[in-house]
Each structure stands twice: as structure tokens, then as C-alpha cells.
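Have a look at the structure below before the remarks.
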Amino acid sequence: MKKVKEVHGEKYEEFMMKKLVAIPGNICESDLGIDPLTANHIANNVHVIINSAATTNFDERYDVALSVNTKGPSHLLSFANTCKNACLFLHISTAYVNDGRVGKIEETALVPMLDIEKEMKLVSSLMEHSSVQENQHSNQKMKQLGLQRAKIHGWKSCYTFSKAMGEMKITSMIGNISIVILRPSIIESTYKEPFSGWIEGNRMLDPFLTLFGKGRLPGLFADPQVIADVVPVDMVVNVVIAAMAKHGISGIPDINVYQIGSSMVNPVTLGNIMDYTYKHFKCNPLLDSKRDEISITRSKYFSSIDDFSHYITIEITKESGLMEALVRNVKPSLYTKLDRQCKKRAQFFIQMVKTYETFGFFRGRFEIGNAQKLREEMCEEEKKMYGFEVEGINWKEYFCSIHIPGLRKHVLKE
């Protein structure tokens, strides 16, 4: 919005209204929740359909993940096949649909090998015969089912499992239009456009970086040597634009897969990222509620969840003053309250690192040959305008001078 205002001045709203039309709908419904008149208008006029709708919650309820990530894309593709002028359906997935693999992971479409209807019937049956939506216990039960089903079939999380099934449904529905599946890795803040460091909300790495900067999470359940496959969001958008131009023009009814990430061409380890984060906050510390600078130490790493749990419980106990309260012989009610708070915080961090375990120990590296070939086909002017040369990123500069400052400005609202 800031850039649009700079270019169009007072007439930016008029410009936006000419370019954008917001339509209410629901990707979980077979008709997309769009009224027939509007749907007919879209079907007669649209040329390209891009699906970026998803729930990215790693421990999402299984029924929600299936509705949004698995069924949603196929609903939209079914609609795309009714659009008389549509030439391209572009689905934004995730590179981690292959989270159970190690080594080089190629840009190939997922083969429909699962009985997805069986998964949907399993959830429907559970919903019909229990009060799953009525209380917190039942909510947790549905989350546990998602993780359980994912692991049975070889995936690490409900999120990646449901996204993989979404791809499988798309692959089984090749019709009369070209299909592009784009798989970004870990998306973080912009590298250049619309300006460096822009980000909206916490992305995957960000909760860890901000909690570390606040001195609340001094250790991780992760391998510091693991490659953290990061890609700036503006580079992901540029791949979308380039792929849209190429395959929208060709109009050949086939499937093309593009992965965009850094692990094969410009790898950065999780340990590197945490070192850069330490250097940034050491030089530019966050302030506590009293406006005092928050002191931090270099991150520790644990390969065992039990070791991490023991460590973080002790650290939280020290920080909270619980031990001092015991020595001072404070009121039992106050001690009990502090103890309860400590246990709650420790459990939160333990659950958090367990949820992200997939990424903390991931051994795969994503091939981006198709994306590189796409870039080679662009002219120099297009490369300059829509660049996605991940190879050229200086990660120390990116995290210390672009990403973390952007995180502080746009998410922490300093």
C-alpha cells in the first residue's frame, strides 16, 4: 500500500478499485460459496486462477486441515475447468510436502497414492458420532488424529500431510488447462520489493527469533547443522509471475512443478541464523517493560526432547524467582501461583519445539532446477524486475540488517 501511494498519490484508491475486486467466498465449499451470478461472471472473464489459500497451523485440527488444504484446491480447480477463457491454474503448495524424505528432493508432481476419501470419511464419522466441536479436550483429540494419520502415512505433521493430499487431488484432475504447482520452502520477509524487510505476521522462524531476542528461549530442540531452507517472499512472488507468464501463454494442459528455496544453491544452517540473530540483538537489544536492555546469551541446542524439557524448566524457574520465593518462605498461595505459571510456560515451549521438530532435524534439500531454467528464459529486463536469484543473498546481511529489523518494525511494532 505504501508503494502504491507513492506512485499514484491521492488517486491510489481509485487505481486500486480498478485493479482489485473483493469477492466473499469459502474455498471449503464445493461451489466456493460464491453466488451463481458472480460465479458466472468470473467464469466468463477470468484467465488465470491462483490458489494461495491455506491453513499453515502445524498442529491444526484434522478436519480443518482436510477442508482447507486438501479439498479446497480441488474445489477451485473444478471451478477453473468451467471457466471458458481460463488458461492456467497455479497452486501455491509447500516444499515440505516431501518432509519424510532425505537428500535431494526433485521437482516432480506427487503421485496420487493415498485413499484420500477414506481420510475424509474417517473424520466425518468421528464428527457424527462424537461431540468433537464442543470442548477443548475434543479439539485436542482432532489435532492428535491429524498428527497420527500423518505419521501412519509417512509425513511429519498434519500441515504437510494435508498439503500433500491437496497436491495429489490436483494431480488426479488434469483437465483442459495448464496447471502449475509452486513449492516454496520457508518463506520470510522481503529482500527488495516493495521494500526490504516487509513481513506480515510471524512466519515459521520468527517466533523463535523474537523469543530468543526477548531472552525467553535460550535453547532449541534442534540440530544447529541442519540447513534452514529460507526464501524471501518477494522472490516467491516473482516466480509466480514468471511461471504465470510462461504457462499462461502456452496453455498446454499439463502439470509443471517449481520449487523455490536456497538449500541447494545458497545453504544457511539453523546455527548460522541463530548466530546472526544473537549478533543483531547483542548490538540492538530489545527493551523490557522497565525500558531496560534485555541481556541474551548464545543459543544452546538439544538433540533430545527430554534434555530440552529439563533445561527450559530450570531456566524458567530461575527467571521467575520461584526458588527465591521458596527460600524467603512466601505465602503458599503465592508460591503455588508462581509454580503453576512456570509449569505452564515450560509446557508451552516444549510443545512449541515439538511441533517444529520436522524442521529442526530435516535432512532434505530442495532441487530448484525448474525455477533456474525459468529464470534463464527471461530477458535481462525481466530478470531485473522479477528476479529470484536466491544464490546472491548474503544471509548475514539479510538476517542482521533486513529480516530482523523488519520483524521488529512490522510485527513487534517497535
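The values are calculated or read from the model by the stated rules, or taken from the named source; none is laboratory data. Being a predicted model, the structure only gives us computed values, none of them experimental. Glycine also receives a Cβ, built like all others from the backbone with ideal geometry; neighbour counts cover every protein chain displayed. Side chains included, ligands, DNA and RNA excluded: accessible areas come from the protein's heavy atoms. Shrake-Rupley method; radii C 1.70, N 1.55, O 1.52, S 1.80 Å.
Would you calculate, for the chain, the mean residue ellipticity at 222 nm contributed by helices, counting each DSSP H stretch of 4 or more residues as -39,500 (n - 2.57) and dividing by all residues, to the nearest 500? Before the final figure, lay out each step's value.
Values: 18 runs with 193 residues, N = 414.
-14000 deg cm²/dmol, from helical runs alone.
Quick query: amide H of residue 260 versus all other amide H atoms, modeled in the peptide plane; which residues come in under 5 Å with a sequence gap of 5 or more or a different chain?
Placed amide hydrogens put 183, 185 under 5 Å from residue 260.
How many percent of DSSP beta bridges within the chain run antiparallel, rounded to 5?
Numbers: 2 of 26 bridges.
Approximately 10 percent, going by the DSSP bridge assignments.
Find the percent of Cα-Cα distances in the range 47-159 that exceed 20 Å, and round it to a whole number. Before the final figure, lay out the partial values.
Numbers: 3130 of 6328 pairs.
Here the long-distance tail beyond 20 Å is 49 percent of all Cα pairs in the range 47-159.
Of 143/192; 11/192; 18/383, which pairs sit farther than 29 Å apart, going by alpha carbon to alpha carbon?
Working: 143/192 38 Å; 11/192 25 Å; 18/383 27 Å.
Checking Cα-Cα distances, 143/192 exceed 29 Å.
What would the Debye equation give as log₁₀ I(q)/I(0) for the chain at q = 0.06, 0.15 Å⁻¹, counting only Cα atoms as equal point scatterers?
-0.29, -1.54
Among 187, 201, 158, whose Cα sits farthest toward the positive end of the charge dipole of the range 111-215 (+1 at Cβ of Lys/Arg, -1 at Cβ of Asp/Glu, about the Cα centre)?
The Cα lying farthest towards the positive end belongs to 158.
Taking θ as phi - 60°, what are the ³J(HN,Hα) couplings along the range 348-358 by the Karplus curve (6.51, -1.76, 1.60), each to the nearest whole Hz, with x for Gly and Pro?
4, 5, 4, 5, 4, 6, 5, 4, 9, 4, 3
For residue 318, go through the aspartates and glutamates and keep the ones whose alpha-carbon is under 18 Å away, minus same-chain ones fewer than eight residues off.
288, 307, 339
If packing is taken as the average number of other Cβ atoms within 10 Å across a peptide's residues, how do 168-181, 243-256, 151-164 rank, most packed first?
On the way: 168-181: 19.1, 243-256: 16.0, 151-164: 21.9.
Peptide ranking by packing, descending: 151-164, 168-181, 243-256.
When the expected Rg is taken as 2.2 N^0.38 Å, what fraction or multiple of it is the alpha-carbon Rg of the range 43-89? Spell out each step's value before the answer.
Numbers: Rg = 12.8 Å, N = 47, 2.2 N^0.38 = 9.5 Å.
In units of the 2.2 N^0.38 Å rule of thumb, it is 1.35.
Residue by residue, what Karplus-based ³J(HN,Hα) values in Hz, rounded to whole numbers, does the range 13-24 have, using 6.51, -1.76 and 1.60 with θ = phi - 60° and x for Gly and Pro?
For the range 13-24, the Karplus curve yields 5, 4, 4, 4, 5, 6, 9, 10, 10, 7, 10, x Hz.
Please list the non-local residues whose amide H lies under 5 Å from the amide H of residue 219, H modeled 1.01 Å from N, same-chain partners needing a gap of 5 or more.
300
Projecting each Cα onto the charge dipole of the chain (Lys/Arg +1, Asp/Glu -1 at the beta carbon, about the Cα centre), which of 33, 23, 120 comes out farthest on the positive side?
120
Residue separation times 0.36 nm, minus the C-alpha to C-alpha distance between residue 414 and residue 44: what's the value?
Between residue 414 and residue 44, full extension yields 128.5 nm more.
Between residue 365 and residues 5 or more places away or on another chain, which pairs have amide H atoms under 5 Å apart, with H built 1.01 Å from N, and which residues are they?
Here 103, 104, 105 satisfy the definition.
Under a Cβ-only charge scheme (Lys and Arg +1, Asp and Glu -1), can you give me the dipole magnitude of the chain about the Cα centre, in debye to the nearest 20?
Numbers: 51 positive and 48 negative charges, 252 e Å.
Magnitude of the dipole: close to 1220 debye.
Express in nm, to one decimal, how much length is gained between residue 216 and residue 192 on full extension, taking 0.36 nm for each residue of separation and deducting their alpha carbon distance.
Numbers: separation 24, 0.36 × 24 = 8.64 nm, distance 3.08 nm.
The span from residue 216 to residue 192 would gain 5.6 nm if fully extended.
Quick one: grab the alpha carbon gyration tensor of the range 105-234, order the square roots of its eigenvalues as a ≥ b ≥ c, and give me rounded if a/c is under 1.5, else prolate or oblate depending on whether a/b is larger than b/c.
Details: a/c = 2.08, a/b = 1.24, b/c = 1.67.
Because a/c hits 1.5 or more and a/b fails to exceed b/c, the range 105-234 counts as oblate.
Averaged per residue, what accessible surface does the chain expose to a 1.4 Å probe, in Å²? Kindly include the intermediate steps, with their values, before the conclusion.
Details: 21610 Å² over 414 residues.
Heavy-atom SASA per residue in the chain reads 52 Å².
Setting aside same-chain residues fewer than 8 positions from residue 104, which lysines have a Cα under 23 Å from its Cα?
Cα-Cα hits under 23 Å: 151, 156, 163, 373.
Using R₀ = 60 Å, calculate the FRET efficiency as 1/(1 + (r/R₀)^6) where r is the Cβ-Cβ separation of residue 379 and residue 30; round to 0.05.
0.90
Could you name the aspartates and glutamates whose alpha carbon sits less than 15 Å from that of residue 121, not counting residues in the same chain fewer than 8 places away?
Within reach: 63.
Taking θ as phi - 60°, what are the ³J(HN,Hα) couplings along the range 303-316 by the Karplus curve (6.51, -1.76, 1.60), each to the nearest whole Hz, with x for Gly and Pro?
Rounded to whole hertz, the list is 8, 10, 5, 5, 5, 5, 4, 4, 5, 5, 5, 5, 4, 5.
Please give the length that would be gained between residue 348 and residue 279 if that part of the chain were fully extended, namely 0.36 nm times their separation in residues minus their C-alpha to C-alpha distance (nm, one decimal).
On the way: separation 69, 0.36 × 69 = 24.84 nm, distance 2.62 nm.
Answer, rounded to one decimal: 22.2 nm.
Is there a quick way to get the dipole size of the range 179-262? I mean about its Cα centre, with the Cβ of Lys and Arg at +1 and of Asp and Glu at -1; what is the value in debye to the nearest 20?
Numbers: 6 positive and 8 negative charges, 22 e Å.
Computed about the Cα centre, the dipole is about 100 debye.
Taking a virtual spin label 7 Å from the Cα of residue 355 along the C-beta vector, which residues in the range 53-67 bring their backbone nitrogen under 18 Å of it?
Backbone N within reach: 54-66.
Kindly list the residues of the range 279-298 that lie in the label zone of residue 318, defined by a backbone N under 11 Å from the point 7 Å along the Cα-to-C-beta vector.
Only 297 pass the distance filter.
Out of the total accessible area of the chain (probe 1.4 Å, heavy atoms of protein only), what percent is carbon and sulfur? Can you show the working numbers first?
Details: 11220 of 21610 Å².
The C+S portion of the solvent-accessible surface of the chain is 52 percent.
Between residue 153 and residue 118, what is the spin-label point distance in nm, taking each point 7 Å from the Cα along the Cα→C-beta axis?
Taking the simple label geometry, residue 153 and residue 118 are separated by 1.0 nm.
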